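One structure below.
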Amino acid sequence: MTIQVLSILDKVAGDIQDAAKIRTTNTTLLGMYNDALLQVVLVRPDANSKTKSVALVAGTKQTLPSGDLRLLDVVRNMGAAGSTAGNAVVQGDMDAQNRYNPSWHTATPSAVVQEWFYDFKRNPLVYYVSPPVSTPCYLELNTATAPVTVTDPATNMELDDVYLGPVVSFMKYLFYIRQSESAFAINKAIKHEQSFYQSLGL
């Protein structure tokens with residue numbers, strides 16, 4: 001089942017007792033919707049994962065494609081044109097690699113990658129491969145991708161339907177947290193924030 005964004009906006013407006021959208025226009029609700037989708041993906045990167053063939057640059061240091069937020073997996077080599085399945089690639093331990101093979105960044109280049117290294121906490125947009133790449137060379141990556149910013153409420157929600165609850169909860173959190181002068185609103189915001197994280201298994 002696909003869920004139209006407008007129906008989500010209508011639901012949130014009704015839940016905050018503004019079904020006529022007097023206090024919150026569709027434009028305001030769309031902003032909250034886009035923020036909610038991005039927050040879901042930041043918290044649960046697998047919520048919007050994409051598998052794609054990506055061209056590498058020469059050397060060991062690689063950057064995620066534009067729009068990607070995190071590298072989830074490097075699956076396999078994909079040849080010189082990006083369409084030929086090749087050897088699998090294993091994730092390595094960079095500390096061990098640096099300790100036992102400190103010259104690995106300047107090793108003989110190859111068109112076949114054997115290992116990949118990644119530290120998403122310190123550098124989420126950059127990963128390294130070994131041996132150094134000689135181009136052209138493609139890898140199949142699985143990445144967490146930022147949701148497309150929605151401007152038309154008639155479109156469908158990009159994420160799977162199972163994320164409707166967290167999206168609605170975070171939108172209501174954003175609505176109430178802006179009313180910082182009201183203790184009632186702040187308490188409602190806290191409850192919706194808790195619901196958001198709990199529904200994502202956190």
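So which of 112, 148, 129, 133 is in contact with a Phe, Trp or Tyr (Cβ under 7 Å, 6 or more places away or on another chain), aliphatic (A, V, I, L, M) and either open to solvent by 30 Å² or more (accessible area, probe 1.4 Å) or on the phi < 0 side of the Ramachandran plot (or both)? Give the derivation first.
Numbers: 112 fails: in contact with a Phe, Trp or Tyr (Cβ under 7 Å, 6 or more places away or on another chain); 148 fails: in contact with a Phe, Trp or Tyr (Cβ under 7 Å, 6 or more places away or on another chain); 133 fails: in contact with a Phe, Trp or Tyr (Cβ under 7 Å, 6 or more places away or on another chain).
Going through 112, 148, 129, 133 in turn, the sole match is 129.
Pairs only if they're at least six apart or on different chains, beta carbon under 6 angstrom, first in region 99-124 and at pLDDT 95 or above, second open to solvent by 80 Å² or more (accessible area, probe 1.4 Å) and not in a loop (DSSP other than H, G, I, E, B); list them, first residue then second. Final answer for the pair search is 115/90; 116/91. Note on region 15-38: residues that are hydrophobic (A, V, I, L, M, F, W, C) and under 25 Å from the mean Cα position of the chain (by Cα) total 6. The C-beta contact set for region 1-23 (first residue over 16 Å from residue 176 (Cα atoms), second residue open to solvent by 60 Å² or more (accessible area, probe 1.4 Å) and at pLDDT 95 or above, distance under 6 angstrom, 6+ apart or interchain) comprises 2/156; 4/156.
Criterion first (assigned to a helix (DSSP H, G or I) and either free of Cβ contacts under 8 Å to residues at least 40 places away in the same chain or open to solvent by less than 30 Å² (accessible area, probe 1.4 Å) (or both)) does residue 30 satisfy it?
Numbers: assigned to a helix (DSSP H, G or I): yes; either free of Cβ contacts under 8 Å to residues at least 40 places away in the same chain or open to solvent by less than 30 Å² (accessible area, probe 1.4 Å) (or both): yes.
Against the criterion (assigned to a helix (DSSP H, G or I) and either free of Cβ contacts under 8 Å to residues at least 40 places away in the same chain or open to solvent by less than 30 Å² (accessible area, probe 1.4 Å) (or both)), residue 30 qualifies.
Inspect region 129-152 for any residue being within 26 Å of residue 23 (Cα to Cα) and of a type in the set (D, E, K, R) and give the result as yes or no. Within region 129-152, one or more residues are within 26 Å of residue 23 (Cα to Cα) and of a type in the set (D, E, K, R). Residue count for region 77-107 satisfying the condition of being of a type in the set (A, V, I, L, M), over 30 Å from residue 148 (Cβ atoms) and open to solvent by 70 Å² or more (accessible area, probe 1.4 Å): 2. Can you find a residue in region 55-76 that is open to solvent by less than 70 Å² (accessible area, probe 1.4 Å) and of a type in the set (Asp, Glu)? Yes, region 55-76 has at least one match.
The lone criterion from (1) at pLDDT 95 or above; (2) over 30 Å from residue 9 (Cα atoms) left unmet by residue 163 is number (2).
Taking each residue of region 183-194 that is closer than 14 Å to residue 166 by Cα and at pLDDT 95 or above and looking for partners that are polar (S, T, N, Q) and open to solvent by less than 50 Å² (accessible area, probe 1.4 Å) with beta-carbon atoms closer than 6 Å, six or more apart or interchain, yields 192/169.
Taking the criterion of being open to solvent by 80 Å² or more (accessible area, probe 1.4 Å) and either of a type in the set (Val, Ile, Thr) or under 18 Å from residue 45 (Cβ atoms) (or both), the residues of region 151-197 that qualify are 151, 160, 162.
Residues satisfying the criterion are present in region 10-27 (criterion: assigned to a helix (DSSP H, G or I), buried (at least 20 other Cβ atoms within 10 Å of the Cβ) and at pLDDT 95 or above).
The values are calculated or read from the model by the stated rules, or taken from the named source; none is laboratory data. Note that the coordinates shown come from a computational prediction; the quantities given were computed from them, not determined experimentally. Neighbour counts run over all protein chains shown; Cβ positions are idealised from the backbone, glycine included. Each accessible area value is taken on the protein alone, full model and side chains, heavy atoms only, with ligands, DNA and RNA left out. Shrake-Rupley method; radii C 1.70, N 1.55, O 1.52, S 1.80 Å.
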